[in-house]
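See below for the structure under consideration.
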Amino acid sequence: MKNILLPFLMLFTLTSFVQENLKVDVSNPKATITTHLKFLNEDNYHPEKSARAFAGIPTNQAKQYAIKLKMILKGKGLKVDYDKIPTDPNFVDTTAVNKPNKYVLFPKQLPQVYLVKSGNSWYFSDETVSEIENLYDEVYPWHSQWIHTLIPQEGKNKFLNIELRQLFSIVIIAVSFLILYFIFRIILTFILRKIQLMIFHRTDQNIKIALKQFARPIVILILINLIGKIIPSLLFHVDVNYFLILAINIVSTIFWVYVFLNLVKVLMIFYEDYTSSTPSKLDDQLVPVLRNFLKGIVIFIGFLKLLTDFGLDPTTVIAGASIGGIAIAFASQDTVKNLIGTFMIFLDKPFHIGDWIEAAEVEGTVEEVGFRSTKIRAFDTSIFQIPNSKLAEIVVNNKGLRLFRRYKTELGIRYDTPPELIEAFVKGVRQLVILHPDTHSEQYNVEFTGFGTSSLLILLNVYFKQLDWNVEQSSRHRLHIAILKLAHELGVEFAFPATTVYIEQFPEKTGRNLKYDLSDDRIKKVIQKIMEDFKKEID
């Protein structure tokens, strides 16, 4: 039994010895902070010694400053790591310009609280002294004392370093905040719906659901902020405050991410509604791309904020994110190029969904513009997937933006066709083009243009009004049939791709002599009949 109690007795004796030998020391930053905090512990409470960390101030006032400064650190959950405090009497802060002999205890959370060297001693600076009252009122506002009086003084027994009376207060606050949550959510949802009606003058079920989801995290964030203001008033131990404030910061960051994700969702609903009212289908393809891009940015920024909540320096996080971003960019250059190409396509809009385009060796209908590539369906219904980086650089012939669909061909007739019949045939084809309902009658060409290898060439160059490929083929069919009927009635024959051999003398054989009827009356009647038949067919 003695062997068991001996280590505890030695530890108690050593602790008592250390406490008894704790002396006022302000020779270096660590000694000054130790003097300030250690002499305010419950088992070693000597505020007049703690006040020695302040110079040039009356003792009673310095005692109040010392106590309030410790309360500020406690309320903010700032734990002092004595091992990281310098012990060099000539410590120099390399980041300070005007005051090199300076030490800031918590540069991020409390930059206005710091020590400066005066002579051979270190004291809290004049700026720290002037800011203590403001910081104390910020951490412990007017309602803190009122909340503190509600905490019953009985029940000082502790559970997990928390007094039972404080646990009782937590229960009361939790119930109160649960009631406030439902009240605030109803009010905020009502306000958001009124704003939506004022701006868009209509209601939509999807928008209602999105606004309701948007209101919830905002209400929770408001309540979390209120909890953060109340926690110091409950006078928890600094360790408890540290974990509570850390948990609040983490939860707050998570809900802010949730808020912005819902904000992206609401904005995308409005943007999707806008794109559906525009004639362009390319805007519709931008909705999912833009939604995923904005969500990625929100999640990435939220992740960086979480790293700072866990104590990482924001400068280090930003620098790491920049270096990591450069490394990722080098490792995925093609992905970055495709992403830039995607935005260039959406900005320049060289084509729309459903347009018939010709890009390099690929020709077909644009079906989808994705985050990385564009899908084009070719004639044979196969799918070409072109990276957007390449598509943004090559020449794109957007045939879907044509005013007319051009059709050019050559009609080859026999070499022995008389000039009068050629002229009549050309005039008849011109009238067919003019009468055709799908051709541009003010811009066309029907001319005898040359002498081919085995035929006389008549150029047919017309422009169809309908841009749809299927409609164009149907229009071509009707024009071709009308031309064939005209040629047949006039007696004009189309040449075969062959060679004709003439033999002067051959036993019992004679050459083929075609006889053409060139009477003007017949030609006029034929053309008039063909035109009337074509008009009837059109009607």
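When restricted to residues that are part of a strand (DSSP E or B) and among the hydroxyl-bearing types (Ser, Thr, Tyr), the range 370-401 contains 2.
The residue of the range 28-55 that is nearest to Val240 (Cα to Cα), among those that are in contact (Cβ under 8 Å) with a residue 12 or more places away in the chain and more than 55 Å from the chain's Cα centre (by Cα), is Asp43. Among the residues of the range 433-482, those identified as in a loop (DSSP other than H, G, I, E, B) and among the small types (Gly, Ala, Ser) are Ser441, Gly452, Ser454, Ser455.
The listed residues are Trp122, Trp142, and the only one of them that is of a type in the set (Phe, Trp, Tyr) and modelled with pLDDT under 80 turns out to be Trp142. Under the condition of being under 19 Å from Arg405 (Cβ atoms), of a type in the set (D, E, K, R) and in contact (Cβ under 8 Å) with a residue 24 or more places away in the chain, the residues counted in the range 351-393 number 2. For the range 80-116, taking the residues that are in contact (Cβ under 8 Å) with a residue 60 or more places away in the chain and surrounded by 14 or more Cβ atoms within 10 Å (Cβ to Cβ), the one that is farthest from Thr35 (Cα to Cα) is identified as Phe91. Inside the range 25-55, can you point out the residues that are touching a helix residue (DSSP H, G or I) at 6+ places or on another chain (Cβ under 8 Å) and small (Gly, Ala, Ser)? Within the range 25-55, Ser50, Ala51, Ala53 meet the criteria. Within the range 156-171, not a single residue is at pLDDT below 85, assigned to a helix (DSSP H, G or I) and within 19 Å of Leu37 (Cα to Cα). Residue-level check: of (1) acidic (Asp, Glu); (2) exposed (fewer than 12 other Cβ atoms within 10 Å of the Cβ); (3) at pLDDT 85 or above, Glu127 misses just (2). Taking the conditions exactly as written (of a type in the set (Asp, Glu) and either out of contact with any Ser or Thr (no Cβ under 9 Å at 6 or more places or on another chain) or part of a helix (DSSP H, G or I) (or both)), does Glu410 satisfy them or not? When the stated conditions are applied, Glu410 does not pass them. Scanning the range 519-539 for residues that are surrounded by fewer than 13 Cβ atoms within 10 Å (Cβ to Cβ) and among the aliphatic types (A, V, I, L, M) turns up just one, Ile538. Screening Thr409 against (1) closer than 30 Å to Arg478 by Cα; (2) surrounded by fewer than 16 Cβ atoms within 10 Å (Cβ to Cβ); (3) at pLDDT 80 or above; (4) not assigned by TED's automatic domain parsing to the domain that holds Arg476 leaves a single unmet condition, (4).
In the range 332-371, the residue that is modelled with the highest pLDDT out of those that are under 19 Å from the mean Cα position of the chain (by Cα) and crowded, with 17+ Cβ neighbours inside 10 Å is Val369.
The values are calculated or read from the model by the stated rules, or taken from the named source; none is laboratory data. Here the structure is a predicted model, which is why all the values come from computation and not from measurement. Cβ: placed from backbone, ideal geometry, glycine included. Neighbour counts: every protein chain shown.
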